[in-house]
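The values are calculated or read from the model by the stated rules, or taken from the named source; none is laboratory data. For clarity, every value in this text was computed on a predicted model and none was experimentally measured. Glycine also receives a Cβ, built like all others from the backbone with ideal geometry; neighbour counts cover every protein chain displayed. SASA here: full protein model, heavy atoms, side chains in, ligands and nucleic acids out. Shrake-Rupley method; radii C 1.70, N 1.55, O 1.52, S 1.80 Å.
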Number of protein chains: 2
Amino acid sequence: MGNSTLDIKRLMEPGSVAIVGASANMESISGRPLKLLKRYNYKGKIYPVNPKYKEIDGLACYPDVASLPETPDVVLVGVRAELVPQVIKQSVQRGVPFAVIFSSGFAESDNQQAQDELIDIAKRGGTRILGPNCQGLVNFVSSIPLSFSASLDSDARPKGHVAYVSQSGAFGFASFAMAAERGVGFRYVVTTGNQADLDVIDFGMAFADDPEVRLLVMYMEGIKDGNRFIDLLSKARKRNLPVAVLKVGRSPTAQEAVRSHTAALAGDEAVWRTIFKQYGAIEIEDAQDIVDLGKIFGSPKRPKGRRLGILTTSGGGGIIMADRAYDEGLEVPELPDDAKKKIEEHIPPFGSSRNPVDLTAQVINEPEGFASSVEAVIESPNIDMVTVVVSMITGESGYRVAQDIKNIFHKSPKPFACCWLINREQGGRFLDYLREGGVPLFQSPRRCAWAMSKLYESSRMFEEEDKVEFKRRTGVLKDYPARLTEYEAKQVLAAYGVPITRERLCENLNDALEAADEIGYPVALKVMSPDILHKTDAGVVALNLRSQEEVRNAYGRLMEKASKVTARENIHGVLIQEMVTGGLEFMIGVKRDELFGPIVAVGLGGIYVEVLKDVSLRRAPVSKKEAEKMIEELKGYPLLAGARGQNKKDIGALAEAIEKISILASIEEDLQELDANPVFVFDEGYGIKAIDAMILRRGPQ
Amino acid sequence: MGNSTLDIKRLMEPGSVAIVGASANMESISGRPLKLLKRYNYKGKIYPVNPKYKEIDGLACYPDVASLPETPDVVLVGVRAELVPQVIKQSVQRGVPFAVIFSSGFAESDNQQAQDELIDIAKRGGTRILGPNCQGLVNFVSSIPLSFSASLDSDARPKGHVAYVSQSGAFGFASFAMAAERGVGFRYVVTTGNQADLDVIDFGMAFADDPEVRLLVMYMEGIKDGNRFIDLLSKARKRNLPVAVLKVGRSPTAQEAVRSHTAALAGDEAVWRTIFKQYGAIEIEDAQDIVDLGKIFGSPKRPKGRRLGILTTSGGGGIIMADRAYDEGLEVPELPDDAKKKIEEHIPPFGSSRNPVDLTAQVINEPEGFASSVEAVIESPNIDMVTVVVSMITGESGYRVAQDIKNIFHKSPKPFACCWLINREQGGRFLDYLREGGVPLFQSPRRCAWAMSKLYESSRMFEEEDKVEFKRRTGVLKDYPARLTEYEAKQVLAAYGVPITRERLCENLNDALEAADEIGYPVALKVMSPDILHKTDAGVVALNLRSQEEVRNAYGRLMEKASKVTARENIHGVLIQEMVTGGLEFMIGVKRDELFGPIVAVGLGGIYVEVLKDVSLRRAPVSKKEAEKMIEELKGYPLLAGARGQNKKDIGALAEAIEKISILASIEEDLQELDANPVFVFDEGYGIKAIDAMILRRGPQ
C-alpha cells in the first residue's frame, strides 16, 4: 500500500486469519466468514476459533486465540459483545496486528463505555481495530474476503479500480453489490462500523497510495476531525484521484438518526458543501451515484474540457441527452465541417449531422455507417468526450451495434459512454455484452450526463490548488478580553493589514474634542463597552457631528444612555471616527465550525446578506485569488463589477482584505466569531475600509 | 372513451385493420404489425394489403385499399413516402376513419409540402391521420397493437393505469418497454411522430376521459397551440388526473435539434416551467422519471400531506432516505408515543424507534416484528405515506420480508413504497415477487423520495384552481399607435383601474405652467414622443421642478433636445407629472409568448430584476390571490413584508394591480409588451402608483 501513515498491508493481505466464534453452520452469520474465505480460494492459513469444536469443515479449530499455533495477521471477531474484550486481550498478548470486530453491542447500543474499554486494551497492546459493529472488508486484488456479507456469496469477482470505504456495513455492501452487478469493478471494499479505532479516513489515506485506484468512494455519517478529511482530499488531489463522498445526515431528522446510529458529529450542511467544493470532493447522494461514478471512472480516460459529442439512433434520445448535458453544465458544440461531411455519407435525409447527431434507426441497415460516424465525432478536435444513445435496436442489428460500441470504446482516446434505452427481454444480451466488455453503460440519459459532468469537473478540480502563504505565526487575540469592543476588533483587523477607519479611543470629553479636530469634521462618536454589542440599538452612536459643539452634546447624551445599560467601569470611553461615504457596503465574517475550524463568509451588505442570503463561504485560509472567486460567485457581483452605470469597485483590495481576514482566522486559535460589517468598497483604485467590526473569543462570554 | 372532442374509439379499438405494405417476412418492419396483431390475439378482421401477395400467413391479401371487402376502422401504412398519398386517397374514398402512417419522408425529411398535401387529402375526406413517421400505438385494455415496435414482440402484457403519449416513437416505445419491465402497468401507449393531424394533446384529451387512467405521461418536442395544452391540464385537474410531461428542447443545442427533427416550436424554457407550475403538470426529464412515476401512481392511494414514515433494516439506508425526502420537500416527523412503544417491543437496543425507524437486520429473526412495526407507522395519524428501506436481507428471511411487504402494501390505506438495496443475484427473486405483486419498488432512496414527493405535490395541485373573473370584453389598445408614449401607456393602465401618477399632457408652455400649478409643485416634466422610448437616456426628463420658472426653463431645454432626435410633428407635447417619493420600487411586465400568449413578470425594481434576476412569472390572467403568491415567491419578498425595521408595504394593492394588468393582457389581443416600471409600493393602506410605463403593440413597430 506504499508510504501512508498507517500500514494496512497485513490487514488487507493477511498471511493468516483467525475466525473467533466460527460456526460449523456455514450459512449462519458466524459461519459465513469461513465459507467466503474458502469460496474466494484464500491462500493463507485459516484458524477457526471456537471451544465447542475440534474441527470445522476440515480445519483444526482452537479453543481461543491464546492456543493458536502462530500469531495470525488478522483476528475476525463475531462473538457476543461481552466476550470481545477477552478475545482482544489475547490478541494483544499474541501481538496480533489487526482485529476486525463484527460484534455489535457497543457505542451504537449506547454502550460507549464498553467500547472505550475495548479500545483501551487494544491501543495499549498495539492491535488495531476495525469496527466494532462493522461488516469487515474485501480485497479484490488478492481475492480476500474478511466479512460475513451475503453480497460476497457469489462467483462474481468484480475486480476493478474503485476503492470504497463505508461507515455503514449494510449500506456499504448493498451498494457495492448493486454496483458490481451493473459493471463496476472494485479493488477494495471496507466497512468501518463504529470506527472505534480505524476510520474511513485511515483507509482513504491508505488507498490514495495505490496508483491502481481510480476512484475513492466514501460513505460517512460523521467524522471527529475535519482536518484529517481535508488532508485526505489534498493527498488525493496531488495524485489526481477523484474522491466521491456520500455524507449523510443532511436533514434535521437524519442528523438525529445519525446521532442515534453512531456517535459522530453530523456537521453543518452548508459547511460540508463548502469543504467539498473548496477541496475538490464529488458530493454524492445515493447508491445510484456510486454505481454511475464507478462505471465512468473505471476507465482511465479523462476529458480535457466539457464539450460532449452525442450520437443517437433516435432523435428523441439525442435531444434528451443534449438537454441533460446542458443541465449538468456540459457543452454540446457544433461539429467541424469535415466530421459532418463524413457523417452525412451514412445517414438518410431525415437524420442530422448536427450535434446531437441523429443517425436514425436506418444505421442498422448500414454496418459501416455507425462506427465511422462515431469515430468522426471522437476525432473532432472540439469534442472532449462522446456518448452514444441507442434506443430499441434489437436482433442481429443490435448485436452488431453492441460490437461496434465495444470496439469504439476500447479504441477511443477520449472518454466514451453508451446509453441504451431498452428492456432486458429485448436487449439484455447487448447490455450484458457491453457491461462485460467494460463499456460504461447507462439506461438513463440524465444519469449518463451527470456522470460525464463529474468526470469533467473532477479533472478540472486538479488543475490548481489554492495556496496561501503567511509569515506571522502567533496571534494577538490572546491579549484581548472575551468580547472585543469595535475599537479593539478593528485594532486586531489593522494588525493583519486590513484597512480601517481613522479613529481614536477617547477617555473623556477633552480627548474627544481633540480627536475630532485632528480627524476632521464630520465625525462619528460611539460609546465603547464590551457590554454593548448592538450600539445602534442601544442608541450610543452619533453620526455626522459637524462641530465641537455637536461632539460635546453627543458625548453627554450618549454617555448618559450608556450608563443606563452598563456600569461606568465597563465603559472604555468613546470612539471618535471619521465619517466615510460613497462606498458599497460589504461584509466579511468568520465563524468557527466545530469540525472544520474557521469558515469565512462574504456578501454584499444589508439586504443581500440578510434578506437574500447571498453569501459565499470558504474554509480559512483563502488566497486573494480564491477570494476573488468568492466575490464572483455572489449573485450581487454585478454591483461590484459596475452594473447599472456604476463605477467598477475595488475588487482587488476587497479580495486582499478577505485573504487577510482569513489568515487572521487561521492564526488566531481563540477566534470564535468575527464580523467586519460594513466594509466599504470604493471605486477601483480607491481600496476598501472596515467601518465597524465585532470579534468574540472562544470560551465563556 | 366518453365525451371528448375527438372520438378515438375506432382507432383504439378497431373492429378491422388493413395493413398496407404488409410483408410476408414477419421479422421485417413491414411484417411486424401483422405478427404483433396475431401475437396479441387480435379479435377483429385483419386485411393485409400488398399487390405482391395473394395471401400472407393464412390471410387473404389485397392489392389496394379500394379492393378491400369492407371498410376497415384503421389503415396502417408502411409503404414508401411517394406511395402514401394514393393509399390515403383510397382510404378517404372508402370512408376509413383512421390511418396510422409509419412511413417517413415527410416534414422530418424537409418535405413539408408532401406532408401538407397528404393532410389536405385526408382532411377533405374526413380520414384522421396518426403520423406520418410514427410507430403507432398499443391498447393494453383490449390487447390491440397497431405498431411495428420490437418492444411489443413479447408475451408480457403490462396492463395497468398509465396512459402514455409520445411524439417520439423510438423513445416512446423504448421508455415504455423499460417501464413495463420494471413493474409499470399501461392502458395505452401512442406515438404521434410528425403530428401532421392528430397530436399528443388530442390523445391526452381523450385519455383524460377514461376514469381508469391514473397517470397521463406525455413526451413533447414542441406544440403548435399552447392554449390546447392548458385546456388539457385544466381538464385533467378537474378529475384529479396527474399529468407528467417530458418537454424536450430545453438547451439551445436541443432546440436546434428539435427544429431539425420536427417542425414544432420548442418554446422558452422559463415559460414552460411557469405553465407546468401554474396549471399543475409534473415536469419530468428522463425515461427514469416515467418508470418511477408509473410505479407510484399505478396505485390509486394518494397522500393527505407530505409527512413520510420511514422504516429500515439498515441505519444507513434509513438516513439516506430521510435526507433525500428532506431534499424533495417531504417531512419526516416524530412518531406518536404509542407507535414508538409498539416498535420498541420488537427491536434490539441498537435499533431506533424514531422516524426513520431502524429495525436493524435483527428483524429477520423475529417474524412478527417487521409487519407490526410497519403497521404501527402506517397507523400513526401524523404520517401520510410510508417507505420501507431494506438492504442485503437474503435467503428465507428475505422471502419472508418480501411477503410481509406485499401484504402490508395491499392492506395499507396510505401510499406505500419499498426501496430494496440489493443485487439481482442475491435478491432478484424478492424483487420480482414484489414487482409482480404490484408493490412500487425502488432501488434508490433518492428516486423513491422523488416519486413520493410528486405523489404529494400532484395531490396538492388539485386543491384549488385559480379563477379570474372580468367583465370587460373588448380592448382599448386598438385605438393607439404601435408604440405608445408613457402618457398613452398609463392611460391604458388607468382604463383597467391601475393607479397612476397625477399628470397632464400639455401641448405648449402655457398648458404646462397651468398644469404644474394645478398638480402642485414639485413636478416632473417629460417630453412625450413615440420615437423616444428611453427618455432618461435621451435627456428629455426633468425632475423636481419647484416653480413656474423651473418649469419654463426645463420646457425650453428639453424641447430643444427632443427636436434633435425626432421631428417636431412626432412630439406629442410634454407630460407634467406629480413627483412621488417614499415608495418601494416594483415592476410589473407582460410579454407575449408565441405559444402561450401573455406572460406576466413581476419583481422588485432596479437591481432585483436587473442584477439578481429575481422575477416571478405567470401566464395571464392571474387572480389577486395568485398574484400574492407571485409576490411571496420573490427572494426580495421580505422587503415588502417589512424586513430590516421597515414598514410593511401594501401587498394587497400591489396584487390587485398585478391582477388588473394580467386582465389587461388577456383582453388586449394586440398587446406585445408592457412594462410598468417603476411601480411605487407604499406602506400598507397607502396603495401603489405606476410612475412610468411602456406599451408596444403587435406588428411592425
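Would you please name the residue that is nearest to B:S16 (Cα to Cα), looking only at residues in segment B:37-79 that are touching a Cys at 6+ places or on another chain (Cβ under 7 Å) and open to solvent by 60 Å² or more (accessible area, probe 1.4 Å)? The residue in question is B:E55. Pairs linking a residue in segment B:423-434 that is at the interface with another protein chain (Cβ under 7 Å from one of its Cβ atoms) and touching a residue at least 24 places away in the same chain (Cβ under 8 Å) to a residue that is surrounded by fewer than 15 Cβ atoms within 10 Å (Cβ to Cβ) and in a helix (DSSP H, G or I), with Cβ atoms under 9 Å and 6 or more positions apart or on different chains, are B:Q426/B:G395.
Do we have A:E70 as assigned to a helix (DSSP H, G or I) and not small (G, A, S) here? Against the criterion (assigned to a helix (DSSP H, G or I) and not small (G, A, S)), A:E70 does not qualify.
Do we have any residue at all in segment A:317-332 that's over 30 Å from B:A449 (Cα atoms), more than 34 Å from the chain's Cα centre (by Cα) and surrounded by 24 or more Cβ atoms within 10 Å (Cβ to Cβ)? Within segment A:317-332, not a single residue is over 30 Å from B:A449 (Cα atoms), more than 34 Å from the chain's Cα centre (by Cα) and surrounded by 24 or more Cβ atoms within 10 Å (Cβ to Cβ).
Scanning segment A:602-626 for residues that are among the charged types (D, E, K, R) and either in contact with an Asp or Glu (Cβ under 6 Å, 6 or more places away or on another chain) or without any contact (Cβ under 8 Å) to a residue 24 or more places away in the chain (or both) turns up A:E610, A:K613, A:D614, A:K624, A:E626. Does A:L674 meet the test of being touching a strand residue (DSSP E or B) at 6+ places or on another chain (Cβ under 6 Å), part of a strand (DSSP E or B) and either among the hydrophobic types (A, V, I, L, M, F, W, C) or at pLDDT 95 or above (or both)? The answer is yes for A:L674. Restricting attention to segment B:599-612, the residues that are part of a helix (DSSP H, G or I) and either more than 19 Å from B:L639 (Cα to Cα) or among the charged types (D, E, K, R) (or both) total 1. The lone criterion from (1) under 30 Å from A:V390 (Cα atoms); (2) modelled with pLDDT under 95; (3) not polar (S, T, N, Q) left unmet by B:I284 is number (2). If the condition is being open to solvent by 20 Å² or more (accessible area, probe 1.4 Å) and either among the hydrophobic types (A, V, I, L, M, F, W, C) or part of a helix (DSSP H, G or I) (or both), then segment A:613-625 contributes A:V615, A:L617, A:K624, A:K625.
From the list A:D289, A:D323, the one residue that fits, being touching a helix residue (DSSP H, G or I) at 6+ places or on another chain (Cβ under 7 Å), among the charged types (D, E, K, R) and facing chain B (nearest Cβ under 9 Å), is A:D323. A count restricted to segment B:174-184 and to residues that are within 22 Å of the chain's Cα centre (by Cα) and more than 10 Å from chain A (Cβ to nearest Cβ) stands at 1.
For A:R307, indicate whether it is within 10 Å of chain B (Cβ to nearest Cβ), touching an Asp or Glu at 6+ places or on another chain (Cβ under 7 Å) and open to solvent by 60 Å² or more (accessible area, probe 1.4 Å). Here the answer is no, as A:R307 does not meet what is asked.
Being assigned to a helix (DSSP H, G or I) and open to solvent by 60 Å² or more (accessible area, probe 1.4 Å) holds for only one residue in A:Y456, A:Y399, and it is A:Y399.
For A:P33, the conditions (1) farther than 18 Å from A:A99 by Cβ; (2) not in a loop (DSSP other than H, G, I, E, B); (3) not aromatic (F, W, Y) all hold with the exception of (1). Would you confirm whether or not segment A:498-509 contains a residue that is assigned by TED's automatic domain parsing to the domain that holds A:L558, part of a helix (DSSP H, G or I) and either within 26 Å of A:N382 (Cα to Cα) or more than 35 Å from the chain's Cα centre (by Cα) (or both)? Within segment A:498-509 (the criterion being assigned by TED's automatic domain parsing to the domain that holds A:L558, part of a helix (DSSP H, G or I) and either within 26 Å of A:N382 (Cα to Cα) or more than 35 Å from the chain's Cα centre (by Cα) (or both)), the answer is yes, since at least one residue qualifies.
Farther than 21 Å from A:P300 by Cα and either within 23 Å of the chain's Cα centre (by Cα) or in a loop (DSSP other than H, G, I, E, B) (or both): is that true of A:F171 in this structure? Spelling it out, A:F171 is indeed farther than 21 Å from A:P300 by Cα and either within 23 Å of the chain's Cα centre (by Cα) or in a loop (DSSP other than H, G, I, E, B) (or both). Residues in segment B:628-658 that are open to solvent by 70 Å² or more (accessible area, probe 1.4 Å) and more than 13 Å from chain A (Cβ to nearest Cβ): B:K629, B:E632, B:E633, B:N647, B:K648, B:E656. None of B:Q426, B:Q443 is more than 33 Å from the chain's Cα centre (by Cα), surrounded by 15 or more Cβ atoms within 10 Å (Cβ to Cβ) and not acidic (D, E) except B:Q426. Counting the residues of segment A:462-490 that are assigned to a helix (DSSP H, G or I) and either of a type in the set (K, R) or open to solvent by 40 Å² or more (accessible area, probe 1.4 Å) (or both) gives 4. Residues in segment A:146-169 that are away from chain B (no Cβ under 14 Å) and open to solvent by less than 30 Å² (accessible area, probe 1.4 Å): how many? Residues in segment A:146-169 being away from chain B (no Cβ under 14 Å) and open to solvent by less than 30 Å² (accessible area, probe 1.4 Å): 4 in total. Considering segment A:185-234 alone, what residues qualify as being assigned to a strand (DSSP E or B), over 17 Å from the mean Cα position of the chain (by Cα) and within 14 Å of chain B (Cβ to nearest Cβ)? Matches in segment A:185-234: A:F186, A:V189, A:T191.
Looking only at residues in segment B:101-117 that are more than 11 Å from every other protein chain (Cβ to nearest Cβ) and farther than 29 Å from B:Y42 by Cα, the one that is surrounded by the most Cβ atoms within 10 Å (Cβ to Cβ) is B:Q115. When segment B:465-485 is filtered for residues that are under 13 Å from B:K660 (Cα atoms) and of a type in the set (V, I, T), only B:V468 remains. Scanning segment B:132-144 for residues that are within 14 Å of chain A (Cβ to nearest Cβ), open to solvent by less than 30 Å² (accessible area, probe 1.4 Å) and either outside any loop (DSSP other than H, G, I, E, B) or closer than 24 Å to A:N423 by Cβ (or both) returns B:C134, B:G136, B:V138.
This table checks each residue for (1) buried (at least 23 other Cβ atoms within 10 Å of the Cβ); (2) within 16 Å of A:H161 (Cα to Cα); (3) at pLDDT below 95.
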| position | (1), (2), (3) |
| --- | --- |
| A:A206 | yes, yes, no |
| A:R214 | no, yes, no |
| A:N227 | no, no, yes |
| A:S234 | no, no, yes |
| A:R237 | no, no, yes |
| A:R250 | yes, no, yes |
| A:T253 | yes, no, yes |
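Which residues, counting only those in segment A:336-363, are part of a loop (DSSP other than H, G, I, E, B) and either in contact with a Lys or Arg (Cβ under 7 Å, 6 or more places away or on another chain) or within 8 Å of chain B (Cβ to nearest Cβ) (or both)? Those that are part of a loop (DSSP other than H, G, I, E, B) and either in contact with a Lys or Arg (Cβ under 7 Å, 6 or more places away or on another chain) or within 8 Å of chain B (Cβ to nearest Cβ) (or both): A:P348, A:P349, A:F350, A:S353, A:R354, A:N355, A:P356.
When B:G582 is tested against (1) part of a loop (DSSP other than H, G, I, E, B); (2) small (G, A, S); (3) crowded, with 17+ Cβ neighbours inside 10 Å, exactly one condition is not met: (3).
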